[in-house]
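Please read the structure below before turning to the comments.
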Amino acid sequence: MAGTYSQLYIQIVFAVKGRENLINNHWKDELHKYISGIIKGKNQKSIITNGMPDHIHAFVGLRPSMSISDLVRDIKNNSSNFINEKKFIKGKFSWQEGFGAFSYSHSDIEKVYQYILNQEQHHKKINFKNEYLELLKRFEIEFDEKYLFEWNE
């Protein structure tokens with residue numbers, strides 16, 4: 001019987017609703033591990049998960065048996081439930097609708113890994129809005145600004 005073989009590396013980026021700075025340093029590592037666990041639980045490869053107080057980057061080795069949209073839906077639903085059940089914030093936590101998904105070749109794995117690992121240093125130079133717009137432009141993704149993330153600025 002023939003098998004299915006693939007090499008799909010996807011960086012997923014999504015933001016806190018209203019792009020609020022709600023992800024606290026005291027529990028961010030626990031959240032990142034939880035998100036990695038969701039990815040692994042869906043039989044996908046979690047390469048690295050990291051982020052800032054207002055957004056997350058997850059780098060995934062994606063198997064073609066699952067769509068990116070389904071994976072992101074599951075990550076966002078389960079992780080927001082986790083945050084709310086743990087009462088990490090006052091009030092209800094939720095992610096914004098939508099996400100970015102950017103594909104990379106095998107030769108880019110280390111570069112993307114380091115980029116995601118070093119988010120704090122990276123964001124000393126560029127804010128999330130400009131980072132996201134830069135990704136969209138670099139990957140030549142057509143977009144309408146009114147349908148991007150909610151920018152509370």
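Data overview
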| item | result |
| --- | --- |
| Matching residues, segment 104-114, being without any contact (Cβ under 8 Å) to a residue 12 or more places away in the chain and either touching a Gly at 6+ places or on another chain (Cβ under 9 Å) or of a type outside the set (D, E, K, R) (or both) | 107, 114 |
| Counted residues, segment 101-115 - those being part of a helix (DSSP H, G or I) and touching a helix residue (DSSP H, G or I) at 6+ places or on another chain (Cβ under 9 Å) | 1 |
| Among (1) over 18 Å from residue 8 (Cβ atoms); (2) without any contact (Cβ under 8 Å) to a residue 60 or more places away in the chain, the one test that residue 51 misses | (2) |
| First in segment 117-144 and part of a loop (DSSP other than H, G, I, E, B), second anywhere and aromatic (Phe, Trp, Tyr), Cβ under 8 Å, 6 or more apart | 139/102 |
| Count of segment 83-103 residues which are buried (at least 17 other Cβ atoms within 10 Å of the Cβ) and of a type outside the set (A, V, I, L, M) | 7 |
| Conditions (1) farther than 29 Å from residue 138 by Cα; (2) without any contact (Cβ under 8 Å) to a residue 40 or more places away in the chain; (3) in contact with a strand residue (DSSP E or B) (Cβ under 9 Å, 6 or more places away or on another chain); number of the one not met by residue 23 | (1) |
| In segment 1-20, residue farthest from residue 84 (Cα to Cα) [restricted to those that are in contact (Cβ under 8 Å) with a residue 24 or more places away in the chain and loosely packed, with under 13 Cβ neighbours inside 10 Å] | 4 |
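Computed from the coordinates by the stated procedures, all read-outs in this text should not be read as laboratory data. Quick caveat: nothing in here was measured; it's all calculated off a predicted structure. Note that each Cβ is placed from the backbone with ideal geometry, even for glycine, and that neighbours are counted across all protein chains shown.
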